Amino acid sequence: MIELKPWPLSYEAMNTLYADSDQSKCLVQLPVPLDKANTFNFLKAVNTGNSNGHPFLCRAIMLEDRLIGKIELSRYVSYDSELDIILLKEECSKGYGREALKLLEEEVKQKEWCRSIYAYVDTENIAAGKMLAACGYEIGRFFTADVMIPHEGSYVIKSRRGCEMRKVF
């Protein structure tokens with residue numbers, strides 16, 4: 001059984017999580033090792049609950065007191081929010097993402113933190129799409145986005161196909 005806990009605020013925890021996760025099917029991919037300045041800005045947002053003027057909620061996904069992932073929401077003025085979730089490679093496809101999402105949804109519903117959650121999923125990420133559908137998310141629009149992908153110490157721009165999924169409370 002997993003638990004959601006406040007994020008363990010450290011660059012090392014973030015770097016380990018991203019180094020041991022599979023970002024190949026993510027629309028946005030981060031370089032590993034992570035850039036310290038940007039990571040500390042992210043950790044400041046986690047600590048303050050504010051990211052660039054928007055309410056922000058981030059939880060560590062813990063399995064028996066071991067960090068296995070993170071789940072976060074960024075809320076907009078409309079009270080719609082955007083989901084981001086990442087798990088360690090070896091913990092994928094075990095139901096932990098679904099379990100974490102349900103726990104986070106319970107928390108935000110109880111606090112009336114948002115009225116809906118959007119997730120933007122790479123169309124190649126079949127597992128994420130299935131997980132969201134199993135949690136009651138409906139498919140919205142399909143889109144193409146040009147994203148920067150880390151490549152050999154730099155970045156390349158690639159077009160990725162994605163799908164918007166949404167759940168309204």
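Some observations on this one:
- Residue match in the range 88-99 (condition: outside any loop (DSSP other than H, G, I, E, B) and over 24 Å from Glu12 (Cβ atoms)): yes
- The sole residue among Lys89, Lys130, Lys94 that is out of contact with any Cys (no Cβ under 8 Å at 6 or more places or on another chain), free of Cβ contacts under 8 Å to residues at least 24 places away in the same chain, under 25 Å from Thr16 (Cβ atoms) and open to solvent by 90 Å² or more (accessible area, probe 1.4 Å) is Lys94.
- If the condition is being under 15 Å from the mean Cα position of the chain (by Cα) and within 16 Å of Pro150 (Cβ to Cβ), then the range 29-51 contributes Gln29, Leu30, Thr39.
- For Cys114, the test of being surrounded by 18 or more Cβ atoms within 10 Å (Cβ to Cβ) and over 14 Å from the mean Cα position of the chain (by Cα) is passed.
- Taken over the range 109-127, residues that are in contact with a strand residue (DSSP E or B) (Cβ under 8 Å, 6 or more places away or on another chain), among the aliphatic types (A, V, I, L, M) and free of Cβ contacts under 8 Å to residues at least 60 places away in the same chain amount to 2.
- Within the range 35-79, the residues that satisfy the criterion of being of a type outside the set (Gly, Ala, Ser), touching a residue at least 12 places away in the same chain (Cβ under 8 Å), surrounded by 12 or more Cβ atoms within 10 Å (Cβ to Cβ) and outside any strand (DSSP E or B) are Thr39, Phe40, Phe42, Leu43, Val46, Asn47, Tyr76, Tyr79.
- Residue in the range 21-34 that is part of a helix (DSSP H, G or I) and surrounded by fewer than 14 Cβ atoms within 10 Å (Cβ to Cβ) present: no
- Out of Glu152, Glu106, Glu164, Glu138, one residue alone is open to solvent by less than 90 Å² (accessible area, probe 1.4 Å) and either modelled with pLDDT of 95 or more or not β-branched (Val, Ile, Thr) (or both). It is Glu164.
- Any chance Val147 is in contact with a strand residue (DSSP E or B) (Cβ under 7 Å, 6 or more places away or on another chain), open to solvent by less than 30 Å² (accessible area, probe 1.4 Å) and modelled with pLDDT under 95: yes
The values are calculated or read from the model by the stated rules, or taken from the named source; none is laboratory data. Keep in mind it's a predicted model, so treat the numbers as computed, not measured. Don't worry about glycine lacking a Cβ; one is built from the backbone with ideal geometry, like all the others, and counts go over all protein chains shown. With ligands, DNA and RNA removed, areas are computed over all heavy atoms of the protein, side chains included. Shrake-Rupley method; radii C 1.70, N 1.55, O 1.52, S 1.80 Å.
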